[in-house]
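A.B. asks: Structure provided below as structure tokens; questions to follow.
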Amino acid sequence: MRALFSRDSSSLTVVVEIGARFIKAVESRASKKGPLFRAFRIPVPEEKADDTAPHTGLAQVLASSGIRRKRLVVNIPRHQLIVRFIQLPSVDDAEIGIMMRIESVKHIPSTSEEAVVGYRIAEKRADGYSSICLAIAQTTMIETILVLARGAQCTIDRIAVGSESLYAWHVARRASAAEDAGKVRVVINIDAEYLDIDIIERGTLSYTRGAESPGEAQLIVGEIKKTIVAFEKSRTSHVDEVVVCGATDISEAVVALLKAETDASVTFFDQRQYLPRADGVPSEDVKASSFIELIGAALKPDEVKIDLLPEQQRTINASAMLKKNLKMTVVLSAAIALILSVTIGHDLYIKMKRLSGLNAQIRAMAPDVAKAKKIKADVDIMKEMADKKVVVVDVLREVSKITPEGVTFTMVDYEAGESVTLKGSAPLLENIVAYISTIERSLFFENAKLKYSTKRTIGQTEQVDFEIVAAISKKQGG
């Protein structure tokens, strides 16, 4: 697992990464000449009987690097997550949020209580659809990260996805968004422990893949070529450029092989541009490990949008920050009261004391006021959606509810107030016939018809492709 950035102030960013073999840290400070980086790496201490080694290692890298700030944002490597790119028929943020609560359940391999979900709106298109990057992590993994942080006396403000950190580095590296216009770029980060691949179409993150590092340059090239072939088969796009970065020794070897085996332009970016040898990590560490994602997160934290930190932990963090701020307010108020009592006189002091009491009451009411505002906002959203007749969210919710296991979709097309078209596949024709009967019984649909069904074989498994068209019930559509 890897930890990402936290901030002491607007001028300081601290990024840490916890791997199976190494713990790394990058500190970025703002300056008039641009950000200044310090980088550090230590081996993970050998596991002890009481399993305290990870806590000790994190504390060691922070102490040895002179980093005092311990508020962190944790990043989980791409290959440890389920990541899917899905298309939703809306460009409205509120509607997308509601759809994602339904859509994400389809991609969770276990129960929703055993997973934490986050998403990024990758692109909003002119046809009314949005491309969504969905990330799913096991709850046990998130809980382990929180335990490790507490053991190192750190606070986690955010849990992010490594693919976004690599994309953030690409955004920071390019001169302007115009560089990505009309182009497809493959950005590859090579570390001693992992391999992260982002595919960026016209400046938009549209595909990611992660794997444990196979070690040898030729094997890494094989993984890269396999990813490019799979992407190009699923799109009409062709890869224009491959950008390789990360551990310098293995990256240079991979670039040499790629130039000989691919017709795309191949570029190598040397991370030593960010890391002067005199300040921080030795050159042998830069040769063996990648600090690119840590640097990307420090340079462009706003591009890391997915947050897998559980809601309960966010509440705990907010409460702790509120208590800290209130303590500072009390101390400041006491100091002001003392000055006023000495310089202005008793009568004015009494008035200020009463005012301080009123302020304290207002602060005590603040959580209830905030909660009431949130409830009102939620009610307004639900009222607005209830006032509409049948919207796409209602249809999607009903389709999700009545669809049995084994039936999968390749397309759901909704004609507002008129009909819904379902294209997909099922194991048997009997499953499709039964599903049509289920649709007919729904209060949302009527006149469900099978447009076609086609049997095909995948390996040794048979599947029946189908298209079903159902009218929206007049009782629902008005």
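A.B. asks: Does the range 81-102 hold any residues that are touching a residue at least 12 places away in the same chain (Cβ under 8 Å) and farther than 21 Å from Ala160 by Cβ, and which are they?
C.D. replies: Matches in the range 81-102: Gln87, Leu88, Pro89, Ser90, Val91, Ala94, Glu95, Ile98, Met99, Ile102.
A.B. asks: Here's a follow-up. Kindly evaluate Ile190 against the criterion of being assigned by TED's automatic domain parsing to the domain that holds Ala115 and either within 18 Å of the chain's Cα centre (by Cα) or acidic (Asp, Glu) (or both).
C.D. replies: no
A.B. asks: Which ones in the range 19-59 are part of a helix (DSSP H, G or I) and either closer than 21 Å to Ser165 by Cα or modelled with pLDDT of 80 or more (or both)?
C.D. replies: Leu58
Conditions (1) farther than 24 Å from Val74 by Cα; (2) part of a helix (DSSP H, G or I); (3) outside the structural domain of Phe22 (by TED's automatic domain parsing), marked per residue:
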| residue | (1), (2), (3) |
| --- | --- |
| Val286 | no, yes, no |
| Ile295 | no, yes, no |
| Ala298 | no, yes, no |
| Thr315 | no, yes, yes |
| Ala318 | no, yes, yes |
| Leu322 | no, yes, yes |
| Met328 | yes, yes, yes |
| Val331 | yes, yes, yes |
| Ile336 | yes, yes, yes |
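Quick grid of which residues meet (1) of a type outside the set (A, V, I, L, M); (2) modelled with pLDDT under 95; (3) surrounded by fewer than 16 Cβ atoms within 10 Å (Cβ to Cβ); (4) in the same structural domain as Glu123 (by TED's automatic domain parsing):
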residue	(1), (2), (3), (4)
Gly210	yes, yes, no, yes
Lys225	yes, yes, yes, yes
Glu232	yes, yes, yes, yes
Val243	no, no, no, yes
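Every residue, every condition in (1) touching a strand residue (DSSP E or B) at 6+ places or on another chain (Cβ under 8 Å); (2) closer than 29 Å to Phe291 by Cα; (3) small (Gly, Ala, Ser); (4) not in a helix (DSSP H, G or I), yes or no:
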position: Val74; (1), (2), (3), (4): yes, yes, no, yes
position: Val83; (1), (2), (3), (4): yes, yes, no, yes
position: Ala94; (1), (2), (3), (4): no, no, yes, no
position: Ile102; (1), (2), (3), (4): no, no, no, no
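A.B. asks: Please find, among Ile468, Ile402, Ile472, Ile458, the residue that is within 24 Å of Lys106 (Cβ to Cβ), β-branched (Val, Ile, Thr), in contact with an Asp or Glu (Cβ under 9 Å, 6 or more places away or on another chain) and at pLDDT 75 or above.
C.D. replies: So the residue among Ile468, Ile402, Ile472, Ile458 that is within 24 Å of Lys106 (Cβ to Cβ), β-branched (Val, Ile, Thr), in contact with an Asp or Glu (Cβ under 9 Å, 6 or more places away or on another chain) and at pLDDT 75 or above is Ile472.
A.B. asks: Quick one: Ala178 ticks every box in (1) in contact (Cβ under 8 Å) with a residue 12 or more places away in the chain; (2) farther than 18 Å from Asp307 by Cα bar one, so which box is it?
C.D. replies: (1)
A.B. asks: Could you tell me which residue of the range 293-338 is farthest from Ser31 (Cα to Cα), considering only residues that are charged (D, E, K, R), buried (at least 17 other Cβ atoms within 10 Å of the Cβ) and out of contact with any strand residue (DSSP E or B) (no Cβ under 8 Å at 6 or more places or on another chain)?
C.D. replies: Of everything passing the filter in the range 293-338, Glu303 is farthest from Ser31 (Cα to Cα).
A.B. asks: Something else: Scan the range 213-241 and report the pairs whose first residue is within 17 Å of Leu195 (Cα to Cα) and whose second residue is acidic (Asp, Glu) and assigned to a helix (DSSP H, G or I), with Cβ atoms within less than 8 Å and a gap of 6+ or a chain change.
C.D. replies: Close Cβ pairs satisfying both conditions: Pro214/Glu223; Val221/Glu261; Lys225/Glu261.
A.B. asks: So how many residues does the range 171-192 have that are within 30 Å of Thr139 (Cα to Cα) and surrounded by 21 or more Cβ atoms within 10 Å (Cβ to Cβ)?
C.D. replies: Total meeting the criteria: 5.
Okay, residues lined up against (1) closer than 17 Å to Leu396 by Cβ; (2) part of a strand (DSSP E or B); (3) without any contact (Cβ under 8 Å) to a residue 12 or more places away in the chain:
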position	(1), (2), (3)
Lys423	yes, yes, no
Thr438	yes, no, no
Ala448	yes, yes, no
Val464	no, yes, no
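The values are calculated or read from the model by the stated rules, or taken from the named source; none is laboratory data. Just so we're clear, the structure is a prediction, and the values are computed from it rather than from any experiment. Virtual Cβ from ideal backbone geometry, glycine too; neighbours counted across all protein chains shown.
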